[in-house]
Every structure is written in structure tokens, then in C-alpha cells.
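The values are calculated or read from the model by the stated rules, or taken from the named source; none is laboratory data. Keep in mind the model is a prediction, meaning the values are calculated, not measured. Cβ placement follows ideal geometry from the backbone for every residue including glycine, while neighbour counts extend to all protein chains displayed. To get the accessible areas, we keep the full protein, side chains included, count just its heavy atoms, and leave off ligands, DNA and RNA. Shrake-Rupley method; radii C 1.70, N 1.55, O 1.52, S 1.80 Å.
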Amino acid sequence: MKSATTKNLVFNNILTMTHRNLLKTLHNPDNFSDVIMQPVIFTLLFGYLFGGVIAGSVHAYLPMLVSGILVQSILNAASGSGQQLREDINAGVFDRFKTLPILPIVPLAGQLVGDIFRLLLSGVVALITAFLMGWRPTVNLPTLVVALLLAIFIGWSTSWIFALVGLIAKNAELIGSLSMIIILVMTFLSNAFIPTKTLPRFIQTLVKINPVSLTITAIRTILRTGHWSINATMVLISGGIIILIFMPLTVFIYQRRH
């Protein structure tokens, strides 16, 4: 009975920290931009600027664009995890948490649980923006949810990498800048926004070995055909491996620091 009460208390503490992190996202301009503004801006920019050149029209380009924007938006939102952690550490917020009657792991757990909701919000905003521009999914709602959940899963697994970086690096602004550069390079050197057959051969090789391309291909296949491909299974396995490696490593570094 006492064990159940303790578990409920820890669960409630994690939810409280999750709520705090979501409020911080909504009230911090940088975090708000990563989660809400960037999916809208990038979808509008790429759709209206490049739709006619690449596919002949915005409407014809949107089915290709949606999967790329979805993955890019979720990776951008995932990168915010490390920056938020470092901002809280530098501001002494985590030192304040140590004085509270909660388990030491609760603030980190609240951050990573909050990331799931931030990724969900970013993905939904990207899909709604594309829908308002004229994109209409060719699959039913459950299949669309499967594609979204796959994107969120791989985004959440990379959140553990960014969280580890946030614990090790000392400068929140540096983490934010480097994360943005890495994600831009990874997404632009992928099949996110253009047909890869027009690229020079050596860039095509880079695109093929880019894990972002694999994720986009898997989600694009689900959204076009409704089928779960071998690529989707590989994305699932890759995300699981990332979590198996970086979750214990991040928790270890966090506990050593505290």
C-alpha cells in the first residue's frame, strides 16, 4: 500500500514537472519559435516558394513536402530539450529542485516526458499548416496517427542525445545554435524537400546514408500507401537503439552531477 502511494507521488511529481516545462515552452520566445513558429514558417516558405519549381504547383508539391517538414519540425523541437536543461541548470533552477521533497530524477523525467508533448504539438502544427495550404491525406486517420507517432518516437529518442549534450555543455546559446545547424544540414542533405535524382552523385551518396532520409522515406511511404515498410521497422529499431544507449548514459551523467 505504501509502495503504491509512493509511486503515485512520484508520478504526480513528474506530471508537475512536465506541466512546468510545457508552460516554459509556451512563455519562452525561443522555445515557442522552435515548436510552433518554425513548422508554420518552413511549410509556407517551402510550399509557396519551391512548389511550382519542383513539382509544378504547390498542391502537387505538398505530399512530398509534408513528410520532410514533419520530421524537420519534430527534430527542431527535440533539440530544445538540451537547451532547456542547460538554461535551468545555469539559472540554478535544478539546485532549487534539490531542496524540494522529490526524487532527484524527477526534474529530468519531467523534461523528457514534456518533450513528448512538445514533439506532438510541433508535428500537429506542421500537419495543420499543410492541410490549410491544400494538402489532403490519402490515408485514413489511424494511419495518419501511426505516421505521426513514428516521427514523435524517433524525435523523442534523439531528445535523449540533446539532453545529454545539455548536461555536458556549459552554454545554452551554443547548444541552441549548434543544434539548429546540425538539423538544417541533416535535413537539407536528405530527401526532405527535393527529388534526389537531380543531385550530384556524391551528394546522392550522402543523402542515402543520412538517417533522416530513412525516416522521411518511411513516413512518406505510410502517408502515400498506408503500408508499414521495412524502412519504418528500421526507424523503430534505430530509435530503440538510441534510447538504449543514451537513456542510461544521460541518467548516469545527471545523477553524478547531483
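Observations, loosely collected:
- Leading residue by the ranking (surrounded by the most Cβ atoms within 10 Å (Cβ to Cβ)) among those in the stretch 186-239 that are in a helix (DSSP H, G or I) and in contact with a Phe, Trp or Tyr (Cβ under 9 Å, 6 or more places away or on another chain): Ala218
- Asp30 vs. criteria open to solvent by 70 Å² or more (accessible area, probe 1.4 Å) and either at negative phi or small (Gly, Ala, Ser) (or both): yes
- Flag if Ile219 is aliphatic (A, V, I, L, M) and farther than 27 Å from Gln84 by Cα: yes
- Summed over the stretch 122-162, the residues that are over 17 Å from Pro39 (Cβ atoms) and not in a helix (DSSP H, G or I) give a count of 4.
- Note on the stretch 65-105: among residues that are among the hydroxyl-bearing types (Ser, Thr, Tyr) and out of contact with any Lys or Arg (no Cβ under 7 Å at 6 or more places or on another chain), the one that is farthest from Phe32 (Cα to Cα) is Thr99.
- Qualifying positions in the stretch 15-27 - open to solvent by less than 40 Å² (accessible area, probe 1.4 Å) and modelled with pLDDT of 85 or more: Met17, Thr18
- Taking the criterion of being part of a helix (DSSP H, G or I) and farther than 23 Å from Ser213 by Cβ, the residues of the stretch 245-258 that qualify are Met247, Pro248, Leu249, Thr250, Val251, Phe252, Ile253, Tyr254, Gln255, Arg256, Arg257.
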